[in-house]
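Participant: Here it is, the structure, as structure tokens.
Nothing in this text is a laboratory measurement; each read-out follows from the coordinates by a stated rule. Just so it is clear, the model here is predicted, and its values are computed rather than measured. We place every Cβ from the backbone using ideal geometry, glycine too, and count neighbours over all the protein chains shown.
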Amino acid sequence: MTEQTYQRHNIEEYVVDSEPFYLPVADEVALFEAAYAERIPILLKGPTGTGKTRFVEYMSWRVNQDRVKAGNPLSSLVTVACHEDLTASDLIGRYLLEPSGTRWIDGPLTRAVKHGGICYLDEVIEARKDTTVLIHPLADHRRLLHIEKLGEVIEAHPNFLMVISYNPGYQNALKDLKHSTRQRFVAIEFDFPPRDLEGPIIEHESGCNRETAQQLALLGEKIRNLIGQGLQEGASTRLLIYAGKLIERGVAPRRACEVAIVWGLTDDHEIQKSVMEVVTSIFA
């Protein structure tokens, strides 16, 4: 993978030229391809650690395979990790002061709009409301980006696609996706994969053996059954992979699960004890 890192404000831009590992759970690949063909903006919603970011990387790679067959240059994937201090200038661009004067530098959104990349705004509800509003003209029939500081309006490249994600479990009255934003996107819901798929994912990503991977997948399933019984959210596939990596490195399974899963899920000692009982039932 060829990667260029935009150092400011957790922004990455790169060309996905090797296939990321991704196992489809339902029809999400077909839905994305249909939406991309019509350039319909896409909203990915689901708990953290369910593969939303990996899915976008995988679909960017698939898009580029079609471009290679057609003899076109590869398009980039621009990922922005949204946060409460993210400003419109961080996305669109800004003037930089230099000894010779000022120079305008395009932001990640502007570069994706101009060159036809996929712009992925991760956890978009973490961004300020006035920042997310600027994507509205890009996420409807207009497909326009207004750059007020330059007095310009840019029409999006035909290959440009806007993708955003958020975790509905974190929403509240003060931090939720506005209806005016939500209704500009088609939504694809993500959840934790079933055990028969999660096992192979853990095995591939962590390098642990198949038996351990299946035990970790079972552990994830049992922990998620505790949601609502004192536990606010279940163990993500990511945490199960971390545990698998520690086990592969020689850490005892119960200890690996304790530090990678139990302590990461909660600080409540009673709930920790309950979750550890589940761990012990699997890794006796």
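Participant: Across segment 128-139, in residue order, what do the Karplus-derived ³J(HN,Hα) couplings come to in whole Hz, using 6.51 cos²θ - 1.76 cosθ + 1.60 with θ = phi - 60° and x for Gly and Pro?
Facilitator: 3J(HN,Hα) across segment 128-139, in whole Hz: 5, 4, 5, 7, 5, 4, 5, 7, 4, x, 7, 9.
Participant: By how many degrees, 0 to 90 and rounded to 10, does the Cα axis of helix 195-206 deviate from the longest principal axis of the chain?
Facilitator: 70 degrees
Participant: Let's see if you can work this out: charge +1 on each Lys and Arg Cβ, -1 on each Asp and Glu Cβ, no other charges. What is the dipole magnitude of segment 2-189 about its Cα centre, in debye to the nearest 20? Display every interim value, and only then the final one.
Facilitator: Numbers: 21 positive and 26 negative charges, 78 e Å.
Dipole magnitude for segment 2-189 comes out near 380 debye.
Participant: Compute the Rg/Rh shape ratio of the chain: radius of gyration over Kirkwood radius, all on alpha-carbon atoms.
Facilitator: 1.02
Participant: Once amide H atoms are placed 1.01 Å from N in the peptide plane, what residues at a sequence separation of 5 or more from ASP17, or on another chain, have their amide H within under 5 Å of its amide H?
Facilitator: THR2
Participant: Net charge within 14 Å of LYS245 by Cβ-Cβ distance, Lys/Arg positive one each and Asp/Glu negative one each, not counting LYS245 itself?
Facilitator: So the surrounding residues net to 0.
Participant: Suppose we flag GluC sites (Glu not before Pro) only when DSSP calls them loop and at most 15 other Cβ atoms lie within 10 Å. Which is the longest uninterrupted stretch of the chain?
Facilitator: Working: sites that count: GLU84, GLU148.
Result, exposed sites excluded: 149-284.
Participant: Something else: Assuming a viscosity of 1.306 mPa s and a temperature of 10 °C, what translational diffusion coefficient in µm² per second does Stokes-Einstein assign to segment 195-282, Rh being the Kirkwood radius over Cα pairs?
Facilitator: Rounded to a whole number, D works out at 127 µm²/s.
Participant: Can you pull the three principal axis extents for the Cα set of segment 43-182, in Å, largest first?
Facilitator: 48, 44, 31
Participant: Assuming R0 = 22 Å, can you tell me the calculated FRET efficiency for the pair LEU226 and ALA26, based on Cβ-Cβ distance, to the nearest 0.05? Can you show the working numbers first?
Facilitator: Working: r = 25 Å, r/R0 = 1.12.
Calculated value: 0.35.
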